[in-house]
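S.K.: Take this structure, written in structure tokens, and hold onto it; I'll ask about it next.
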């Protein structure tokens with residue numbers, strides 16, 4: 001099955017074509033000041049460069065946030081249009097587990113971060129089980145960087161969407177409990193969105209156009225003293 005995967009919820013948007021869970025082609029592009037004006041031309045170019053056509057698509061996957069409000073809505077609108085026009089399944093995938101999924105075989109907790117426009121970050125905690133399945137251990141929250149130690153109380157792998165901006169602040173506030181993923185992984189890849197979507201398709205699961213909406217978060221009430229890692 002050919003899957004088109006779209007991520008427009010983070011600073012660098014990305015597109016990928018996958019055959020099942022194998023990447024056929026992928027773009028990672030800074031949205032800059034263009035505000036996604038190049039999105040549709042890039043999708044067209046990705047098809048041409050991979051010698052595939054929209055008619056070969058079996059599904060479309062899209063990031064639903066949390067992240068950029070405008071970007072998420074743009075990606076979702078494109079994905080819904082393709083799903084309806086081609087009569088193919090649509091699957092929405094959250095940014096935070098998709099980011100965490102880019103760290104395989106981890107034996108420590110994984111904290112994924114996505115920048116919020118309010119000067120905060122969206123964050124969640126995950127871990128890998130013995131079979132390397134990604135397990136959520138804390139719900140998505142929105143919080144200030146200086147509040148990260150309330151969430152991260154032991155050595156934890158950190159992966160975000162902007163190493164240059166987020167890395168120094170994580171180091172400042174989390175200190176020795178922060179184990180940084182390699183900086184080249186600090187971009188949410190559309191292929192990660194597509195791989196998680198394929199897992200759902202294998203289980204016979206998908207979303208519906210009418211009910212799939214962006215994932216927005218309110219400020220979370222993080223209680224001091226609670227350790228999400230157990």
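The values are calculated or read from the model by the stated rules, or taken from the named source; none is laboratory data. For clarity, every value in this text was computed on a predicted model and none was experimentally measured. Cβ atoms come from the backbone with ideal geometry, glycine included; neighbour counts cover every protein chain shown.
S.K.: Which of (1) at positive phi; (2) within 16 Å of the chain's Cα centre (by Cα) does residue 27 not meet, given it meets every other one?
M.R.: Exception for residue 27: condition (1).
S.K.: Considering only residues that are at pLDDT below 50 and either touching a helix residue (DSSP H, G or I) at 6+ places or on another chain (Cβ under 8 Å) or over 15 Å from residue 120 (Cβ atoms) (or both), which ones fall in the range 201-230?
M.R.: Of everything in the range 201-230, those that are at pLDDT below 50 and either touching a helix residue (DSSP H, G or I) at 6+ places or on another chain (Cβ under 8 Å) or over 15 Å from residue 120 (Cβ atoms) (or both) turn out to be 222, 223, 224, 225, 226, 227, 228, 229, 230.
S.K.: Evaluate the range 54-72: report whether one residue or more is within 20 Å of the chain's Cα centre (by Cα) and surrounded by fewer than 17 Cβ atoms within 10 Å (Cβ to Cβ).
M.R.: Checking the range 54-72: at least one residue is within 20 Å of the chain's Cα centre (by Cα) and surrounded by fewer than 17 Cβ atoms within 10 Å (Cβ to Cβ).
S.K.: How do the pairs read when you match residues in the range 155-166 that are within 15 Å of residue 28 (Cα to Cα) and assigned by TED's automatic domain parsing to the domain that holds residue 29 with residues anywhere that are surrounded by fewer than 16 Cβ atoms within 10 Å (Cβ to Cβ) and at pLDDT below 95, using Cβ under 7 Å and keeping only pairs 6 or more apart or on different chains?
M.R.: From the range 155-166, no pairs qualify.
S.K.: Do we find that residue 28 is under 16 Å from residue 196 (Cα atoms) and in the same structural domain as residue 64 (by TED's automatic domain parsing) in this structure?
M.R.: Criteria not met by residue 28.
Per-residue answers, yes or no, for (1) modelled with pLDDT of 95 or more; (2) in the same structural domain as residue 192 (by TED's automatic domain parsing); (3) not in a helix (DSSP H, G or I):
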| residue | (1), (2), (3) |
| --- | --- |
| 34 | no, yes, yes |
| 42 | no, yes, no |
| 47 | yes, yes, no |
| 55 | yes, yes, no |
| 58 | yes, yes, yes |
| 61 | yes, yes, yes |
| 72 | no, yes, no |
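S.K.: Starting from residues that are within 18 Å of the chain's Cα centre (by Cα) and touching a residue at least 24 places away in the same chain (Cβ under 8 Å), keep the ones in the range 128-138 and report whichever is surrounded by the fewest Cβ atoms within 10 Å (Cβ to Cβ).
M.R.: Per the stated criteria, the residue is 137.
S.K.: Still on this model: Which of (1) closer than 19 Å to residue 212 by Cα; (2) out of contact with any strand residue (DSSP E or B) (no Cβ under 9 Å at 6 or more places or on another chain) is the odd one out, the single condition residue 48 does not satisfy?
M.R.: Unmet for residue 48, out of (1) closer than 19 Å to residue 212 by Cα; (2) out of contact with any strand residue (DSSP E or B) (no Cβ under 9 Å at 6 or more places or on another chain): (1).
S.K.: Within the group 143, 96, which residue is under 21 Å from residue 67 (Cβ atoms) and touching a helix residue (DSSP H, G or I) at 6+ places or on another chain (Cβ under 9 Å)? If you could, list the steps in order and put the result at the bottom.
M.R.: Numbers: 96 fails: touching a helix residue (DSSP H, G or I) at 6+ places or on another chain (Cβ under 9 Å).
The match here is 143.
S.K.: Would you confirm, using the coordinates I've provided, whether residue 181 is crowded, with 18+ Cβ neighbours inside 10 Å, at pLDDT 95 or above and within 28 Å of residue 77 (Cβ to Cβ)?
M.R.: no
S.K.: Return the only residue of 119, 87 being out of contact with any strand residue (DSSP E or B) (no Cβ under 7 Å at 6 or more places or on another chain), outside the structural domain of residue 167 (by TED's automatic domain parsing) and surrounded by fewer than 19 Cβ atoms within 10 Å (Cβ to Cβ).
M.R.: Answer to the selection: 87.
S.K.: Something else now. What's the number of the only condition in (1) over 23 Å from residue 82 (Cβ atoms); (2) modelled with pLDDT of 95 or more; (3) not assigned by TED's automatic domain parsing to the domain that holds residue 107 that residue 197 fails to meet?
M.R.: Only one criterion is unmet by residue 197, namely (1).
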